[in-house]
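The values are calculated or read from the model by the stated rules, or taken from the named source; none is laboratory data. Quantities reported herein were computed from a predicted structural model and do not represent experimental measurements. Quick reminder, even Gly has a Cβ in these numbers, built from the backbone with ideal geometry, and neighbours come from all protein chains shown.
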Ligand code: S3P
């Protein structure tokens, strides 16, 4: 879909009025039409890249509409986790910023990541799929001539916002209804401190940033433990004059720091003596191309592991799972609950620890999951609360305020779905409590996923081991992070199907 009326970017005279006009124009678009516009951004690129960047085709055809999962026999066999979503986004963004060609092996070809690929092409990078690998040729960034559409992807839009600010280019950003409801002010605030001019819709999408002639380095302490926020600041700092220093009082995933190092950027990382870190980065550093091997996503593997842990008689090997200590909180928690979970073949790949996970079903007990662990398992609370429904006793999950602003309000989505399935669940502003009875919960409910992939997968997993099948209203969003979820689950013996 073409943006009508006038060319929106770059602005010749960026006045407040023009920016507001722009936002009004943008707000007229409906989400369905914007899905097409995401594809049409790719249409201008070469023939060989077009097929690989067709996000809505993936989201629409493989998984769509209501699905059900039915209780059946044990899950058995081996499966490889899909590529890590966080690392996949970063490999494309850093490759697009770098001089030279980066080859990415094992990229997650989910809708969210393909949106980032489309955005990188719009900034000038040449990205093509070459068999199982992706080749990313960086180029000096230029302002895209259309607004960038990020679908459901908070990571994509937030990281790219920081990178575009650092690259000194104007860009406009939008997403689907879920992404439009999520906070962007937390990203704009530090970027504005650096000197960026931006027009936003009350801290939300759609928004537009101007090309910054110069940005200044800042010293900031992260008020929210968010790797997306930290990463956006570090990427913007690449284009700022001077040394930016980010204080991260609570550690969150460190893929940006690790990967910037691999792309030749020098960072100073120091412990703050209280469990956090200071990250220093000098502006003006160039990235050099680097090949990336993407390990399996622990947040996606969690669904396979959880399904085996709660389905009696199961014995499953999930291969090639990233075991970065800033991401492994779910697995620590499962073991505390008594799960029969072992790490095999531990190794290091592309600077990240990786292992194969062996899980057999076992009786589980409720635990208290401390707030301090939340950043290392922030995406795993939906599936953990399903596991907790099968455990004996109470599981209390604390420090969950960020779950309120994920793809859906995940505390509310989980509490409602669990209650519908006959599980005793309660919540507060930043906590969720699930009381299991050590036996399969009733199930037999239809759950609203609120356009949230992890809510959808969590309740399908529940249906495999509950007393009666579970239904979800829409499976389409699963393709944002785990397009082959249904296929992999079926290969292990799971009974899941569209309704
Ligand atoms: C991500 C960071 C996390 C996580 C998201 C991926 C990243 O978000 O929930 O799925 O790749 O940096 P927050 O930074 O908002 O916690």
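Residues of segment 170-205 that are modelled with pLDDT of 95 or more and assigned to a loop (DSSP other than H, G, I, E, B): 170, 175, 176, 181, 182, 183, 184, 194, 195, 196, 197, 203. Scanning segment 161-180 for residues that are surrounded by fewer than 22 Cβ atoms within 10 Å (Cβ to Cβ) and free of Cβ contacts under 8 Å to residues at least 40 places away in the same chain yields a count of 1.
Selection of segment 221-238 for residues being surrounded by fewer than 24 Cβ atoms within 10 Å (Cβ to Cβ) and more than 15 Å from the ligand (Cβ to nearest atom) yields 221, 238.
Let's see how each residue does on (1) more than 16 Å from the ligand (Cβ to nearest atom); (2) touching a residue at least 24 places away in the same chain (Cβ under 8 Å):
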position	(1), (2)
253	no, yes
276	no, yes
298	no, yes
307	yes, yes
316	yes, yes
320	yes, yes
326	no, yes
346	yes, no
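Within segment 349-381, take every residue that is assigned to a strand (DSSP E or B) and under 19 Å from residue 338 (Cβ atoms) and give me the one that is nearest to the ligand (Cβ to nearest atom). Residue satisfying both the conditions and the ranking: 369. For segment 366-380, filtering for residues that are without any contact (Cβ under 8 Å) to a residue 60 or more places away in the chain and under 15 Å from residue 435 (Cα atoms) leaves 3.
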